[in-house]
Amino acid sequence: MLHNLKINKEFFGPVLDQIKTFEIRKNDRNFRVGDKVTLNEWDNEKKRYTGRRTNIEIIYMTDYEQKDNYVVFSFKII
């Protein structure tokens, strides 16, 4: 499955630097290990996409200690 997700600008840089390797998301897309995700950088001040993006693959997922219908997934850049 391929998902397109918005990611705020402040979090996008750390993803590219491979410092931030996880996401906490509402599981309204039925995420699964092995899914591919395109993270699209969002500028919240200008209310628009910046045009920068990166592709990741979900490598681990858990809902432990999360709100109902939320998951944490770790990923690698592909």
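Overview of values
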{"item": "Residue list for the range 17-29, restricted to those being open to solvent by 70 Å² or more (accessible area, probe 1.4 Å) and either among the acidic types (Asp, Glu) or under 13 Å from ILE77 (Cβ atoms) (or both)", "result": "ASP17, GLN18, ILE19, PHE22, ASP28"}
{"item": "Total residues in the range 1-15, condition open to solvent by 90 Å² or more (accessible area, probe 1.4 Å) and β-branched (Val, Ile, Thr)", "result": "0"}
{"item": "Selection count where residues are open to solvent by less than 90 Å² (accessible area, probe 1.4 Å) and either touching a Ser or Thr at 6+ places or on another chain (Cβ under 7 Å) or modelled with pLDDT under 95 (or both), scope the range 45-69", "result": "2"}
{"item": "Close pairs from the range 57-76: first in contact (Cβ under 8 Å) with a residue 12 or more places away in the chain and at positive phi, partner in a strand (DSSP E or B) and of a type outside the set (A, V, I, L, M), Cβ under 8 Å, at least 6 apart", "result": "ASN69/LYS26"}
{"item": "Qualifying positions in the range 1-10 - touching a strand residue (DSSP E or B) at 6+ places or on another chain (Cβ under 9 Å) and either in a loop (DSSP other than H, G, I, E, B) or of a type outside the set (Val, Ile, Thr) (or both)", "result": "MET1, LEU2, HIS3, ASN4, LEU5, LYS6, ASN8, LYS9"}
{"item": "Matching residues, the range 11-25, being touching a residue at least 24 places away in the same chain (Cβ under 8 Å) and either over 11 Å from the mean Cα position of the chain (by Cα) or not in a strand (DSSP E or B) (or both)", "result": "PHE12, VAL15, LEU16, GLN18, THR21"}
{"item": "Some residue of the range 17-34 being of a type outside the set (Val, Ile, Thr) and farther than 21 Å from VAL71 by Cβ", "result": "yes"}
{"item": "Residue match in the range 30-44 (condition: modelled with pLDDT of 95 or more, over 15 Å from HIS3 (Cβ atoms), part of a strand (DSSP E or B) and open to solvent by 40 Å² or more (accessible area, probe 1.4 Å))", "result": "no"}
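The values are calculated or read from the model by the stated rules, or taken from the named source; none is laboratory data. Treat the numbers as computed from the prediction; the structure is a model and nothing was measured. Neighbour counts run over all protein chains shown; Cβ positions are idealised from the backbone, glycine included. Surface areas here come from the heavy atoms of the whole protein model, side chains and all, with no ligands, DNA or RNA. Shrake-Rupley method; radii C 1.70, N 1.55, O 1.52, S 1.80 Å.
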